[in-house]
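Let me begin by presenting the structure, written as structure tokens, before commenting on it.
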């Protein structure tokens with residue numbers, strides 16, 4: 001190819017700049033009461049850049065071993081305090097860097113494929129444009145919003161920088177024959193891989209991705225060469241294995257994994273197959289993205305049907321491998337990064353999430369650019385200018401539609417109320433009403449809180465939710481402060497019958513006092529002792 005390195009780097013800068021502009025709206029977003037509170041707002045450990053922070057980050061995981069992510073939050077806190085603006089700015093900058101890295105990796109993988117044949121200056125100038133398209137297909141796709149606009153998903157964009165950097169330097173290493181340069185690139189790649197694992201352990205799959213890239217498009221699978229390729233990956237594999245052990249140990253220690261008796265293997269497979277189906281569908285048609293998915297009970301028959309559809313697609317990709325290796329390589333590049341987050345090792349109630357497509361979408365975006373360039377070249381050499389205008393117009397419309405949908409989805413993450421309201425609109429669940437109700441109560445919107453908590457109580461009764469007492473207690477407090485002491489007494493009595501906590505007696509005692517039931521009030525206040533609140537959300 002005749003394109004200079006400067007034109008490729010310019011393409012990467014343009015891509016990153018466009019992503020930055022598209023995500024500017026996220027700067028006005030606030031923290032959301034979905035991990036943001038635990039990760040940042042209420043996390044006192046990140047408030048000092050000292051040895052205590054380092055020890056805590058590396059030895060006291062909350063739910064994942066992500067020490068670099070904690071350090072990045074601590075650095076933000078040292079600059080911004082608890083101003084959400086700064087945390088969102090960091091997420092956006094990291095994501096914009098990732099979009100630029102996709103451009104650079106796309107160039108590494110596509111340059112040799114397109115180097116054969118004669119190219120006119122006109123078609124050669126198309127190449128940087130196609131790289132920008134590949135970068136933007138990744139960067140401004142609506143599936144990226146969750147990873148960028150949600151502060152707690154710093155681990156996605158931070159790990160993304162190191163993961164994509166790992167691949168960039170790895171490809172550099174294997175494409176240059178000079179031993180010293182190859183060795184240095186591999187060392188840098190291994191160092192970045194280590195950092196990626198410390199930002200989010202999902203990057204444990206990168207050694208497998210490297211093998212896919214070795215097969216196609218680098219075409220390094222030569223007879224008698226396989227053991228050398230595996231030895232080359234051995235340091236990466238050892239780091240992956242160690243991180244996987246740490247991650248599973250944390251999950252087991254904190255009882256995060258759903259037991260087999262609650263979610264049988266067959267259902268896990270169907271849930272996983274349906275998740276892959278939805279990821280592929282949303283990648284092509286990003287409409288109706290739900291910010292919080294939950295596993296339905298019972299698992300619908302449609303999950304099994306979608307799983308079979310995924311099996312058929314996988315079979316077709318494998319069958320096409322000899323004639324169209326790019327199809328299987330793209331499929332594997334998409335599927336392999338998804339494997340660690342499938343329901344085979346289910347934790348929590350979510351069955352899938354848009355953020356899980358962050359690394360998987362890189363392969364699909366590069367494949368789009370790889371397919372687009374030959375098409376545009378043929379059109380440029382054999383069709384009239386109208387053909388180029390038509391195809392170019394379609395690409396522009398596609399990217400503009402991505403930008404528009406991304407803008408709308410960013411609005412969902414504006415604050416806790418807009419977030420949970422969107423969840424309720426698409427998938428009204430107990431947790432959605434509970435979270436919005438609690439947020440409304442802490443924000444002083446008491447009537448709205450009472451309505452939400454009432455719906456949440458009904459859903460909790462149907463589902464046998466164990467912390468029903470929290471809902472009664474919170475609604476009771478809302479009824480008390482809004483001048484409905486009788487309703488408050490009824491709610492707190494229901495909460496006490498399930499979980500008799502001292503602060504519940506205090507709130508009921510105050511409500512009873514308002515009703516003139518002095519003797520009962522004194523009894524409750526005595527039981528409460530010095531526990532005067534404020535009310536909190538308690539675990540059993």
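As an exercise: evaluate residue 259 against (1) exposed (fewer than 15 other Cβ atoms within 10 Å of the Cβ); (2) assigned to a helix (DSSP H, G or I) and give the number of the one condition it does not meet.
Against the list (1) exposed (fewer than 15 other Cβ atoms within 10 Å of the Cβ); (2) assigned to a helix (DSSP H, G or I), residue 259 comes up short only on (2).
Please specify each residue of the range 511-521 satisfying the condition of being under 14 Å from residue 477 (Cβ atoms) and surrounded by fewer than 22 Cβ atoms within 10 Å (Cβ to Cβ).
Matches in the range 511-521: 514 only.
If I ask for residues that are in contact with a helix residue (DSSP H, G or I) (Cβ under 8 Å, 6 or more places away or on another chain) and either part of a helix (DSSP H, G or I) or surrounded by fewer than 21 Cβ atoms within 10 Å (Cβ to Cβ) (or both), which ones from the range 66-81 would you list?
Answer for the range 66-81, where residues must be in contact with a helix residue (DSSP H, G or I) (Cβ under 8 Å, 6 or more places away or on another chain) and either part of a helix (DSSP H, G or I) or surrounded by fewer than 21 Cβ atoms within 10 Å (Cβ to Cβ) (or both): 67, 68, 69, 70, 71, 72, 73, 74, 76, 77, 79, 80.
Residue by residue, here is whether (1) over 14 Å from residue 537 (Cβ atoms); (2) within 39 Å of the chain's Cα centre (by Cα) holds:
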residue	(1), (2)
448	yes, yes
454	yes, yes
459	yes, yes
465	no, yes
484	yes, no
490	yes, no
509	yes, no
514	yes, no
526	yes, no
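When you go through 279, 292 one by one, which is the residue that is closer than 22 Å to residue 361 by Cα, assigned to a loop (DSSP other than H, G, I, E, B) and either at pLDDT 85 or above or in the same structural domain as residue 465 (by TED's automatic domain parsing) (or both)?
292
Given the criterion crowded, with 19+ Cβ neighbours inside 10 Å and within 28 Å of residue 63 (Cα to Cα), identify the matching residue among 340, 360, 286, 298.
360
Would you say residue 412 is surrounded by 15 or more Cβ atoms within 10 Å (Cβ to Cβ), modelled with pLDDT of 90 or more, over 19 Å from the mean Cα position of the chain (by Cα) and within 19 Å of residue 22 (Cβ to Cβ)?
no
Determine, yes or no, whether residue 26 is buried (at least 17 other Cβ atoms within 10 Å of the Cβ), over 27 Å from residue 423 (Cα atoms) and touching a residue at least 24 places away in the same chain (Cβ under 8 Å).
no
Somewhere in the range 167-177, is a residue over 30 Å from residue 30 (Cα atoms) and not in a helix (DSSP H, G or I)?
The answer is yes, given that some residue of the range 167-177 is over 30 Å from residue 30 (Cα atoms) and not in a helix (DSSP H, G or I).
For the range 425-446, give me each residue that is part of a helix (DSSP H, G or I), surrounded by fewer than 22 Cβ atoms within 10 Å (Cβ to Cβ) and under 20 Å from the mean Cα position of the chain (by Cα).
Residues satisfying the conditions are 426, 431.
Is there a residue being within 30 Å of residue 87 (Cα to Cα), assigned to a helix (DSSP H, G or I) and in the same structural domain as residue 86 (by TED's automatic domain parsing) anywhere in the range 213-225?
No, that holds for no residue.
What residue, of 373, 334, is in the same structural domain as residue 216 (by TED's automatic domain parsing), closer than 27 Å to residue 209 by Cα, modelled with pLDDT of 95 or more and surrounded by 20 or more Cβ atoms within 10 Å (Cβ to Cβ)?
After applying the criteria, what remains is 334.
One residue is enough: does the range 233-243 have a residue meeting the conditions surrounded by fewer than 12 Cβ atoms within 10 Å (Cβ to Cβ) and farther than 30 Å from residue 186 by Cα?
There is no residue in the range 233-243 that is surrounded by fewer than 12 Cβ atoms within 10 Å (Cβ to Cβ) and farther than 30 Å from residue 186 by Cα.
Among all residue pairs at least 6 apart or on different chains, which show Cβ distances below 7 Å where the first residue, located in the range 252-269, is within 18 Å of residue 294 (Cα to Cα) and assigned by TED's automatic domain parsing to the domain that holds residue 61 and the second is in a helix (DSSP H, G or I) and modelled with pLDDT under 85?
If the second residue must be in a helix (DSSP H, G or I) and modelled with pLDDT under 85, the pairs left are 257/251; 257/345; 268/343; 268/344.
Does residue 457 meet the test of being buried (at least 16 other Cβ atoms within 10 Å of the Cβ), without any contact (Cβ under 8 Å) to a residue 24 or more places away in the chain and assigned by TED's automatic domain parsing to the domain that holds residue 128?
So residue 457 does not fit the description; no.
The values are calculated or read from the model by the stated rules, or taken from the named source; none is laboratory data. Just so it is clear, the model here is predicted, and its values are computed rather than measured. When we count neighbours, we look across all protein chains shown, and the Cβ atoms used for this are built from the backbone with ideal geometry, even at glycine.
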